[in-house]
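I have placed the structure first, in the form of structure tokens, so that the comments after it can refer back to it.
What follows is calculated from the coordinates using simple rules that are stated; it is not laboratory data. Keep in mind that this is a model prediction, so the values were computed, not measured. Quick reminder, even Gly has a Cβ in these numbers, built from the backbone with ideal geometry, and neighbours come from all protein chains shown.
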Amino acid sequence: MSPTLSEIGAAKYVLLTTFRKDGSAVPTPLWAALDGDRLLLWTVTDSWKVKRIRRNSRVTVAACDVRGNQKGDAIEATAVVLDDAGTEHAREVITRKYGILGWLTIKGSLLRRGKSGTIGVAVTAP
């Protein structure tokens with residue numbers, strides 16, 4: 001039986017798989033937190049995964065460990081890059097889930113990259 005988005009969102013790390021133009025998969029382990037019926041992720045604005053999501057919103061998500069080793073089945077989903085307000089909300093939700101480590105990581109990133117240096121991504125499953 002396939003896991004639900006909420007089961008995957010409960011994991012410490014989530015394996016987000018985006019797809020290149022040729023269809024090849026590119027998996028990336030990320031922090032993620034549930035926000036209602038969607039999964040919010042946070043990443044560097046100019047990363048290739050963001051460029052791939054803007055071109056093709058089809059992704060898969062699965063629970064994984066810190067090294068990206070998948071734990072369980074992946075599910076098909078749709079990802080969308082968030083605006084500034086959505087990104088700020090993603091930062092808040094991720095900080096809540098990951099506690100002091102999340103707060104330190106996000107604040108350090110804001111100091112290093114500024115607010116526009118990172119961006120939120122929302123993932124929904126059909």
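Summary of values
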| item | result |
| --- | --- |
| Cleavage-rule hits, trypsin sites (Lys or Arg not before Pro), segment 63-126, DSSP coil, Cβ neighbours within 10 Å at most 12 | R67 |
| Unit charges at the beta carbon, dipole of the chain: most positive-side option, G36, A85, S6 | A85 |
| Gaussian network model of the chain, Cα within-10 Å springs - most flexible of G68, G102, G23 | G23 |
| Additional length obtainable on full extension of the chain from D65 to D37, 0.36 nm per residue less Cα span | 7.8 nm |
| Cut-off under 5 Å, modelled amide H: who pairs with A32 long-range | V14 |
| Magnitude of the charge dipole, the chain, Cβ model with Lys/Arg +1 and Asp/Glu -1, debye to 20 | 500 |
| FRET efficiency, 1/(1 + (r/R0)^6) with R0 22 Å, evaluated for S116 and R55 via beta carbons | 0.60 |
| The chain - percent relative contact order, Cα under 8 Å, separation 6 or more | 30 |
| Cα centroid separation, segment 1-24 to segment 77-126 (Å) | 17 |
| Nitroxide proxy distance, nm - points 7 Å out along Cα→Cβ at K107 and D22 | 4.5 |
| Dipole in debye (nearest 20) - segment 3-67, about Cα centre, beta carbon charges: Lys, Arg +1; Asp, Glu -1 | 400 |
